[in-house]
Amino acid sequence: MTMYLEHDPTGQLAAGQFERIAKALADPRRFAMLEAIGTERECPNQTLCQDFPVSKATVSHHLKELIQAGLVEADREGQYVHYRANSDIIKAYAAELVRRVSRKTGPGS
């Protein structure tokens, strides 16, 4: 289950999704996993398990958090699961981050 609205025509994040993404990306290992997934067209789970020196359960937990935040999509093919970064959500998050930190305040600020 993901929080984002998969077919939202406005490209907006779902309520609470900005915070969930920020929390997911605050973990350095999760951020590194997202980077690894984003650099490949499709990233199989077995590749992630080889690239990160943690248990399979830990990899699965991190992937679950990335999926629930909407940053990663998973496709099952038999016994394998392939992951890909959700560029639409990443772009929406980046735009919202810029909007939030670029707010103009009153004169003289």
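The values are calculated or read from the model by the stated rules, or taken from the named source; none is laboratory data. Just so you know, these numbers come straight off a predicted model, no measurement behind them. All Cβ positions, glycine included, derive from the backbone under ideal geometry; neighbour counts span all protein chains shown.
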Restricted to segment 41-72 and to residues being of a type in the set (D, E, K, R) and surrounded by fewer than 17 Cβ atoms within 10 Å (Cβ to Cβ), the residue modelled with the highest pLDDT is LYS64
Just to be sure I understand, how many residues within segment 76-85 are under 18 Å from GLU35 (Cα atoms) and not hydrophobic (A, V, I, L, M, F, W, C)? 3
